[in-house]
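First comes the structure, then the notes that go with it.
The numbers here are math on the coordinates, done by the rules we state, and not lab data. Keep in mind the model is a prediction, meaning the values are calculated, not measured. Cβ placement follows ideal geometry from the backbone for every residue including glycine, while neighbour counts extend to all protein chains displayed.
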């Protein structure tokens, strides 16, 4: 059995058949996971100024760029093991750098609150064993965490849910779009207008207090009735909800307080994004957006977006992430105007604009370690095939030495 | 002499709100080759309700220009298989949709990835390539 | 999925009985049930029916691949989510502590398995829809968000 790194469900029941050091067949992984484990078609090669070189020269050039930088930034590590993340944090400390990851424009705002115990939360195993009412909110698990419903939340039989989805569980979707998850929730899909989540929550709170909700009264009272009767409920908060209420996140806290039998579970995409947030939280007390300067300073200006907008960083090391692909177009010119050092197993849009590229092993495939599942459980990753690539952990160590 | 009067007539423009989402087939294409045809095909696409498309005179498979203050891209239209509310269009989250997103975050660090206002009109231009997207934002890609 | 009416519309509709069925409609039903094939309608072999014959064959193509239960899996639509693996009552009964709990199947008695990101059906004779006194079970179709499983 090996672990899949396709998403933060970290399915650890995968069987692989390896032949000639290549994965020939993958059992139990979903389409997304299988694609991830088969790997990319174009591996990265070490380059300086887009000219191929050896890995040693790449590392030395990267170190030189960082030495010459007044405000270096380290970004990424969501697709790295916890061990590499620890090394990454040490590296950022050593260079007095800014450190941020994808979570600052993704689920970080939610995970921060979960780690600070602003919400009740639980494990995915609790959900399998106990949950009777499941709310997928702004989350299309079927496409983003494809085995969520089958492994943990809706379909399986659990200790207290012996009749499975047929009788013992109810799935509800609240979304702007009729997603694949919403399709499974059939009679319990509540469609909301874009940015309508806050109003929906406020109306739902009213309904839970027994007041007449101002919004879609009949359906809202029906939903409040279902939630009140839940013995063990879960709200799976997707990025749709997080983005929609990012300016007033406390409404979700208020809703959670009104639902004592419910747990809040962040739906995470990148396999070890929660790991990054937890490792950072342990080391610095913050989940992301930090600048080291003897101590860790947390500020919005150290988020990747504001670092680019406010020109806070003057050189950037990107590890296992592709910001050129995932950031808004208008900030890319700033990213391309500073030296970029790209550490990744594959050619990415970011590697195409990088001054230095350093190829690394694919974690969980070519190197072992641990990662944190979306519910906080630590899961082991295995080395499945041999490779000559350095791990990102080793590259972080080498950079610490070289600067 | 061949006269294409169509090219002098500007296609009518309509306001749309684009919601971005994730798709497993798109995620699969990204994992295997982010520079490949499949990834481009699934990214450079927009879907709308049948009613909206009829109103705009757009058919499935038509190329459309999506533009706002930040970018102007050409993608393919698909009729949504679902019963969508009017005025909303859907794109998979990718460099194509991200090109239309403002870099302004009002000091929050989170851009409006899932809530994009744009104009849509029929277009005869080629579907925007990844290369062209990068060149639009990065003056001298190395 | 193709319907009996769609097939019927493409037949000669002369009720000539050359196929052994009493009406063209009965023949259409038999084709859909994989008891008869297109070639058994001899009038269709004539040149003026060429288009209809080709259309019929293309409509029946997915049916041709159906298992004995009439199950068809469309691997190109499957996301490999495994909902069917866990929802199938046969899988739950034959592997209660594996598939039944949402985990990877622990034995070979299950009907559904996910291989290379797509579902693969085996042990098809165990399916509730198979054999005499069958049950019209929908447990694998309903949980599939992409319509990757169907019965004909």
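Name the residues of the range C:1-33 whose amide N is less than 13 Å from a point 7 angstrom out from the Cα of residue C:48 along the C-beta direction?
What the label zone holds, given the 13 Å backbone N cut-off, is C:12-14.
Looking only at other chains, what is the average number of their beta-carbon atoms within 10 angstrom of each beta-carbon in B:66-73? Spell out each step's value before the answer.
Working: counts 0, 0, 0, 1, 3, 3, 0, 1.
Average neighbour count from other chains, rounded to a whole number: 1.
Set the Förster radius R0 to 25 Å, insert the Cβ-Cβ distance between residue B:83 and residue B:54 as r into 1/(1 + (r/R0)^6), and round the FRET efficiency to 0.05.
Here the calculated transfer efficiency is 0.95.
Relative contact order, percent, of chain A when contacts are C-alpha pairs under 8 Å separated by at least 6 residues? Kindly include the intermediate steps, with their values, before the conclusion.
Working: 862 pairs, mean separation 106.3, N = 403.
26 percent.
Compare the peptides B:68-77, C:96-105, A:39-48, C:47-56 by average per-residue count of other Cβ atoms within 10 angstrom and give them in order, highest first.
Descending mean neighbour count gives C:96-105, B:68-77, A:39-48, C:47-56.
Quick one: order A:331, A:378 by neighbouring beta-carbon count within 10 Å, fewest to most.
In increasing order of surrounding Cβ atoms, one gets A:378, A:331.
Could you work out [θ]222 nm for chain A from helices alone, using -39500 (n - 2.57) per DSSP H run of at least four and dividing by all its residues? Round to the nearest 500 deg cm²/dmol.
Using -39500 (n - 2.57) per qualifying helix, the result is -10000 deg cm²/dmol.
Please work out the Cα convex hull volume for the protein assembly as shown and give it in Å³ per residue. Each step should come with its number before you reach the end.
Details: hull volume 134.4 nm³, N = 697.
It comes to 193 Å³ per residue, whole-number rounded.
How well do other chains shield peptide B:101-107, expressed as the mean number of their Cβ atoms within 10 Å of each residue Cβ? Can you show the working numbers first?
Details: counts 5, 4, 11, 5, 10, 1, 7.
Partner Cβ neighbours, averaged per residue: 6.
How long is the gain from residue A:50 to residue A:377 if the chain were fully straight, where each residue apart is worth 0.36 nm and the alpha carbon distance is subtracted?
So the extension gain works out to 113.7 nm.
Going by alpha carbons, how many degrees (0 to 90, nearest 10) lie between the helix axis of A:82-94 and the longest principal axis of chain A?
The helix A:82-94 is inclined about 60 degrees to chain A.
So, how do all the Cα-to-Cα distances of the range A:108-266 break down into 10 Å bins, in percent, from 0 on up?
Each 10 Å bin holds this share of Cα pairs: 11, 43, 38, 7, 0.
Of all the C-alpha pairs in chain A, what % are more than 38 Å from each other?
Everything past 38 Å amounts to 23 percent.
Grab the DSSP H runs of chain B that are 4 residues or longer, score each as -39,500 (n - 2.57), total them, divide by all residues and round the 222 nm result to the nearest 500 deg cm²/dmol. Walk me through the numbers on the way to the answer.
Values: 5 runs with 35 residues, N = 142.
Result for chain B, helices only: -6000 deg cm²/dmol.
Tell me, what is the percent relative contact order of chain C, built from C-alpha pairs under 8 Å that lie six or more residues apart?
Numbers: 217 pairs, mean separation 31.5, N = 152.
The value is 21 percent.
Can you tell me which of A:265, A:280, A:220 moves the most in a GNM of chain A? Springs connect C-alpha atoms under 10 Å apart.
Highest fluctuation among the options: A:220.
Could you list log10 I(q)/I(0) for the range B:27-142 at q = 0.15, 0.17, 0.21 Å⁻¹, which the Debye formula gives when each Cα is one point scatterer?
Results for the range B:27-142 at q = 0.15, 0.17, 0.21 Å⁻¹ read -0.70, -0.89, -1.27.
Using a Gaussian network model of chain A with C-alpha springs under 10 Å, which one of A:178, A:388, A:25 is most mobile by mean-square fluctuation?
Fluctuation is largest for A:388.
Taking the Cα atoms only, what angle lies between the long axis of helix A:197-208 and the longest principal axis of chain A, rounded to 10 degrees?
Its long axis makes an angle of about 30 degrees.
By how many degrees, between 0 and 90 and to the nearest 10, does the Cα long axis of helix A:273-284 differ from the longest principal axis of chain A?
Taking the Cα atoms of chain A, the angle to A:273-284 is about 70 degrees.
Provide a whole-number value for the mean count of partner chain Cβ atoms within 10 Å of the Cβ atoms in peptide B:75-88.
2
Grab the DSSP H runs of chain C that are 4 residues or longer, score each as -39,500 (n - 2.57), total them, divide by all residues and round the 222 nm result to the nearest 500 deg cm²/dmol.
Helices in chain C give a 222 nm mean residue ellipticity of -7500 deg cm²/dmol.
May I ask you to derive the FRET efficiency for residue A:41 and residue A:254 from their Cβ-Cβ distance with R0 = 41 Å, giving the value to the nearest 0.05?
The value I calculate is 0.30.
Could you check which residue among B:90, B:113, B:35 shows the biggest mean-square fluctuation in a GNM of chain B with a 10 Å Cα cutoff?
Ranking B:90, B:113, B:35 by mean-square fluctuation puts B:35 first.
Over the range B:13-137, what is the relative contact order in percent, taking alpha-carbon pairs closer than 8 angstrom and at least six residues apart?
RCO, the range B:13-137: 38 percent.
How much length, in nm to one decimal, is gained on full extension between residue A:70 and residue A:212, taken as 0.36 nm per residue of separation minus their Cα-Cα distance?
Length difference between fully extended and current span is 45.3 nm.
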